[in-house]
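The values are calculated or read from the model by the stated rules, or taken from the named source; none is laboratory data. Since the model is a prediction, treat every value here as computed from it, not as a measurement. Neighbour counts run over all protein chains shown; Cβ positions are idealised from the backbone, glycine included. The area values use the complete protein model at the heavy-atom level, side chains included, leaving out ligands, DNA and RNA. Shrake-Rupley method; radii C 1.70, N 1.55, O 1.52, S 1.80 Å.
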Amino acid sequence: MTDLKKIGLSALAGSLVAFSANAGELTVSGGAKLSYTADTGNEDVQDDGNRFGMQQLITFSGSGELDNGATVSLYHGMTSTGTKSSSSITYDMGDMGSITYQDTSGDLGLGKIDDVMPTAEEEVWNGVDTEASSNEAPVGRVDAGQTGFNYNVSYDMATINVGYSPKTGATGNDDGGNSGTGANMSTTSFAVQLSPMDGLNVYAGMGDKGGATSSDEQEMDTMAVTYAYGPATVGYQVSNIDKSAANSDLETTAYSIAVAVNENFSVSYGESETELEGSTTDQELSGYSVGYSMGGISIKAHSNEGTNIANQTANESKHTEISVSFAF
């Protein structure tokens, strides 16, 4: 991301954000990125017209230190058309950790480690079935919500994330607002990352995801390990989603390997398989990623493929994307 302009909040107080008279400044950032994307398969519904796209995300971010020594940081993301995509505000207490409230932004708790497999660019599920009218997207990843609170703290070799999503909210609210019917139960989860030695990382987490009724509740857990030796990093992960409904539990195993060929070029390959309780049809995903940088130019590409998506026979999807980014 490249800083484009710095704007004092005093100049924006009337039009962009209500904060305080001495709130400092926000940094406006954007990225120069051009992509080429192709989707094929019986689960991809595409007009197949212009396959080129340009990144439109614009971010506003800033931070400042309070009198008590804590730091507060703010982030807003939106498209160039002015449509909001995500927001977050973080209260950082130093050694005591940080508390973040995020508004449809990133992951909470267990979701922080939903897929930690090493890759040169994207995960094997990225882009698969994104345009399917039947909405049969890949399943098997743990999910603890995107709107709510996350507490993060690090002690020696351990990093801990604890997440709470009120009513399992999927949308955000402006200040003074609320959303939803209140029928959903809330989601709580945690994730732990241990780094006992150079190159080795061990991950574990679990959580309960609320639904509209108790019969929709999900119990989730995941465990993973990654190890880097020389230019290669390998990873293995197992995730379980236990649902209240009969014959609906999911178990996913995933692995990948990423290799830094040199300081500019890296490649990776990964696979995942999801088993559905009571079914002989397994969802299978696989994908390649490559990344190359030269000066201020980065070229990245990935090609992902899925079969039996959502554990339904013959649901196939393939996503290929090539992008060029410029840093200036």
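Data for the structure
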| item | result |
| --- | --- |
| Sequence ranges 272-283, 101-112, ranked by mean other-Cβ count within 10 angstrom, highest first | 101-112, 272-283 |
| Simple Cβ-charge dipole of the chain, Lys/Arg +1 and Asp/Glu -1, about Cα centre, in debye nearest 20 | 1180 |
| With DNA, RNA and ligands ignored, accessible area of M96 (1.4 Å probe; Å², nearest 10) | 120 |
| For region 80-151, projected area of the alpha-carbon convex hull averaged over all directions, nm² | 7.3 |
| Whole-Å semi-axes of region 186-255's equivalent ellipsoid (Cα gyration tensor) | 31, 13, 6 |
| Burial ranking of peptide ranges 290-300, 306-316, 188-198 (average Cβ count within 10 Å, highest at the top) | 306-316, 188-198, 290-300 |
| Rounded percent of accessible protein surface that carbon and sulfur make up, the chain, 1.4 Å probe | 53 |
| Point-to-point label distance, F149-E277, nm (Cα→Cβ direction, 7 Å offset) | 3.2 |
| Accessible area in square angstrom per residue, the chain, 1.4 angstrom probe | 54 |
| By accessible area with a 1.4 Å probe, ligands and nucleic acids excluded, highest first: order of I322, I113 | I322, I113 |
| log10 of Debye I(q)/I(0), alpha-carbon scatterers only, for the chain at 0.09, 0.11 Å⁻¹ | -0.56, -0.86 |
| Scaled radius of gyration (Cα, divided by 2.2 N^0.38 Å) that region 217-328 gives | 1.32 |
| Region 268-316-region 55-82 distance, computed between alpha-carbon centres (Å) | 33 |
| Dipole moment magnitude, nearest 20 debye, region 79-157 about Cα centre, only Lys, Arg, Asp, Glu C-beta charged | 300 |
| Distance-filtered residues of region 258-278 - backbone nitrogen under 15 Å, label point 7 angstrom along I297 Cα→Cβ | 265 |
